[in-house]
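Peer 1: Just passing along the structure, written as structure tokens.
Rule-based calculations on the coordinates, nothing more; no lab input. Computed from a predicted structure; not experimentally measured. A quick note on method: Cβ atoms are made from the backbone with ideal geometry, for glycine too, and the neighbour counts reach across all protein chains shown.
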Amino acid sequence: MSNISKNIQNVRERVTKAAIRSGRNPDDVRIIAVSKTVGKAEVLDAYENAGQIEFGENRVQELLKKYDRSEPFKWHLIGHLQTNKVKYVVDKTELIHSVDSIYLAEEIEKQAEKISRVVPFLLQVNVSGEESKFGITPEAVEGFVIKMSQYRNIRLEGLMTMAPNITNMENVRKIFKELHTIYIDISREKIHNIDMKYLSMGMSNDFEIAVEEGANLIRVGTSIFTKE
Ligand SMILES: *Cc1c(COP(=O)(O)O)cnc(C)c1O
């Protein structure tokens, strides 16, 4: 077994335990292996030795470098997306996690229409209010969601956040709880064309807490790809 596959097994076991602890079905949580710090060889290692098929990149350039249409991988774009790069990724992404403005959503709509595709995406919410983080404020979510319901070539499927870089895990938990509450509130509103089904939160340092607080997509890089 390769190191990477051992790490993936370990993350899967921890996710399973966190899900069971919180009364959830472990199968409802998808692990996205964030390959931004490694090359294609490591991606192939994760696939061949651990059956991993979902990968995440935070930069368009890196995604394009690793992408190959003939492979079964599902690529998630998880980092800030510039409008001028949208055209390169609309046909390659399983899900764009990081939409943080109407302007960007409109550009995705435009490019998606050109290729007759409906592109699923998540809205990035800056729950912690940290200036260094992208994302819209929690207060702006509802207005954004209502606007999104009129588009035909993009579909909002959930919310994403990044916890602040802090060591106080109870504060991290609070952030995740808050996003979960917003997610539930929006789902209950049953807005046309909005299918709230994904809550993307949790990284190497905090994915167990995220799972306990309702995440069903977690984005794990360091814990999978860093050799011990
Ligand atoms: C890098 C990155 C991750 C993974 O972080 P790790 O701490 O390495 O697990 C998750 N989400 C986003 C948006 C990232 O940029």
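Peer 1: Structure shown: which of Lys114/Lys174; Lys110/Lys177; Lys6/Lys74 lie over 29 Å apart, alpha-carbon to alpha-carbon?
Peer 2: Lys114/Lys174; Lys110/Lys177
Peer 1: Using a Debye calculation, one point per C-alpha and no hydration shell, please list log10 I(q)/I(0) for the stretch 50-117 at q = 0.24, 0.25 Å⁻¹ in order.
Peer 2: One equal scatterer on each Cα of the stretch 50-117 leads to -1.09, -1.16.
Peer 1: What is the calculated FRET efficiency for Arg173 to Glu142, with r their C-beta to C-beta distance and R₀ = 22 Å, to the nearest 0.05?
Peer 2: 0.40
Peer 1: While we're looking at this one, here's another question. Can you show me the helix-derived [θ] at 222 nm for the chain, built from DSSP H runs with n ≥ 4 at -39,500 (n - 2.57) apiece and divided by the number of residues, rounded to the nearest 500.
Peer 2: -12000 deg cm²/dmol
Peer 1: Follow-up. Any idea how far the Cα center of the stretch 60-127 sits from the one of the stretch 1-53, in Å?
Peer 2: The distance from the Cα centre of the stretch 60-127 to that of the stretch 1-53 comes to 22 Å.
Peer 1: Please give the peptides 33-40, 80-87, 157-164 ranked by average Cβ packing (other Cβ atoms within 10 Å per residue), highest first, as a rough proxy for protection.
Peer 2: 157-164, 33-40, 80-87
Peer 1: Amide H of Gly56 versus every other amide H placed in the peptide plane: which residues, excluding those fewer than 5 positions away on the same chain, fall under 5 Å?
Peer 2: For Gly56, whose amide H was placed from the backbone, the distant partners under 5 Å are Ala33, Val34, Ser35, His76.
Peer 1: Report Rg (one decimal) and Dmax (nearest whole number) for the stretch 22-161, counting Cα atoms only, units Å.
Peer 2: Rg, Dmax (Cα atoms, Å): 15.6, 44.
Peer 1: Which of the peptides 93-104, 132-143, 171-182 is most tightly packed, and how do the rest follow, judged by the mean count of other Cβ atoms within 10 Å per residue?
Peer 2: My ranking of the peptides, most packed first, is 93-104, 171-182, 132-143.
Peer 1: If R₀ is 30 angstrom, what is the calculated FRET efficiency for the pair Asp91 and Ile166, using the beta carbon separation as r and rounding to 0.05?
Peer 2: Taking R0 as 30 Å, the efficiency between Asp91 and Ile166 is 0.20.
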